[in-house]
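What follows is a single structure, written as C-alpha cells, with notes after it.
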Amino acid sequence: VSELIVLKLGGSVITDKSSDTPRVCGAHLERLAAEIADAYESIKERTRLIVVHGAGSYGHPIVKRTGIDKGVTSAEQALAFAETQALQNELNGIVVRALLARGLPAMPLQPSAAAVMQDGRLVEMDLGAVRGLVSTGLVPVLFGVPAFDRSRGGAILSGDQIVAFLAVKLEAKLVIVGTDVDGVFTADPKTNPEATLIKQFTAEDLSLLQEVRDETARADVTGGMLGKVAELRVLAERGIETVVVNATKAGVVRRALVGEGGIATVMRR
Ligand code: ADP
C-alpha cells in the first residue's frame, strides 16, 4: 500500500512576496526542485506525492488591488479575475518546469477547472482525475487560484485550502507545509523578538491557537499564518499529521519528505 504525502510550497518561498509585481525566487525554486526529486527517488516505492504551491507576488498584489477576493461584480473585476488566473498558470508553469528538469513526473493541474466554492470555501472538486493520475505514478502540481464561488461569483481558493481538501479526501498520511519561517510561533517571528516556536499542537490543544498572534493575517489575502493553521486544524482532528517547516532553509523539505524530523511545528491528533 502506498501512502500519500501532500507537500505545500508557500508563495513566500517560491516567489519574492515583498514584490508588488510577479517575481519568482529562482534560487529557492531550483533548490527545492532538486530536494523534492531527490527525496522522491528514495520514497517512491511506498509513497505517492502531490505538490500544491501558493501564489505569493503572482497573486496577492493583484487581488488586493482589485478586491476580487470579495467577489466579482464588475467587468473590470472579471478581467482582473481572468488575469489573476493567467498569472497563476505562468507561475505553475515555472514550478512544473523546475520539477520536470529534475526528473520528477510533475503534472500541472489547474484547480479552478473543477473547483466550486461557496462563501469563500471550497465545497466541491471532483478528484477522480487527481486520484487516477497519482495511482499512475504522476505527481500532480496544483496551486492557489481564483475560482468560481456560488455566492460571490468568484473567490480566492488558497493553496492551503486545497491542501486541506486533498489531504482529507485522499486520506493523506502526512502533510508538509513549507513556508519562510521555522513553524508556527506565538507571534510573528519576523517582527516580534519575543516570539517562540510552538513545537507541537494536538487536536485538543489547538485552542492554544488563541494565544497565537499574527499581525500579518489581516493584510494577507489568504490569512497569513493564522489562516493557514485554521485551514489545517481539521487535519489534526482527523489524525493526519501536519508539519509546518521552513522551506527557505536547505535540506529541510528533503528531510521532511523522507521522514527525518527537524525544527518544525507538528500538528497531530
Ligand atoms: P506562505 O506564503 O508561505 O503560504 P504566509 O505568508 O501566508 O505563508 O504566512 C507565513 C508568514 O506568516 C510568515 O512569513 C510570518 O512572517 C507570518 N506570521 C505571522 N504571524 C506568525 C506566527 N504567529 N507564527 C509564524 N509566522 C507568522
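The values are calculated or read from the model by the stated rules, or taken from the named source; none is laboratory data. A quick note: this is a predicted structure, and the numbers were derived from the prediction, not measured. For neighbour counting, all protein chains shown are included, and Cβ atoms are generated from backbone atoms with ideal geometry for every residue, glycine included. When the accessible area is computed, the model is the full protein with side chains, heavy atoms only, and any ligands, DNA or RNA have been set aside. Shrake-Rupley method; radii C 1.70, N 1.55, O 1.52, S 1.80 Å.
Out of the stretch 83-113, which residues are in a helix (DSSP H, G or I), in contact (Cβ under 8 Å) with a residue 40 or more places away in the chain and small (Gly, Ala, Ser)? Passing the criteria: Ala98, Ala101, Ser112.
Residues that are more than 13 Å from the chain's Cα centre (by Cα) and charged (D, E, K, R) were ranked within the stretch 221-247; the one that is nearest to Glu204 (Cα to Cα) is Glu237. Listed conditions (1) within 16 Å of the ligand (Cβ to nearest atom); (2) in a loop (DSSP other than H, G, I, E, B); (3) under 18 Å from Leu133 (Cα atoms) are all met by Val6, apart from (2).
Could you list, in sequence order, the residues of the stretch 13-47 that are part of a loop (DSSP other than H, G, I, E, B) and open to solvent by less than 40 Å² (accessible area, probe 1.4 Å)? If the condition is that a residue be part of a loop (DSSP other than H, G, I, E, B) and open to solvent by less than 40 Å² (accessible area, probe 1.4 Å), then Ser19, Cys25 are the ones that fit.
Under the condition of being in a loop (DSSP other than H, G, I, E, B) and at pLDDT 95 or above, the residues counted in the stretch 226-258 number 6. Please specify each residue of the stretch 186-208 satisfying the condition of being in contact (Cβ under 8 Å) with a residue 40 or more places away in the chain and under 24 Å from Leu32 (Cα atoms). Within the stretch 186-208, Leu197, Lys199 meet the criteria.
Every residue, every condition in (1) at negative phi; (2) in a helix (DSSP H, G or I); (3) surrounded by fewer than 16 Cβ atoms within 10 Å (Cβ to Cβ); (4) more than 13 Å from the ligand (Cβ to nearest atom), yes or no:
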site: Val163; (1), (2), (3), (4): yes, yes, no, no
site: Ala167; (1), (2), (3), (4): yes, yes, no, yes
site: Ile176; (1), (2), (3), (4): yes, no, no, no
site: Gly183; (1), (2), (3), (4): no, no, no, no
site: Ala187; (1), (2), (3), (4): yes, no, no, no
site: Thr191; (1), (2), (3), (4): yes, no, yes, no
site: Ala195; (1), (2), (3), (4): yes, no, no, no
site: Asp205; (1), (2), (3), (4): yes, yes, yes, yes
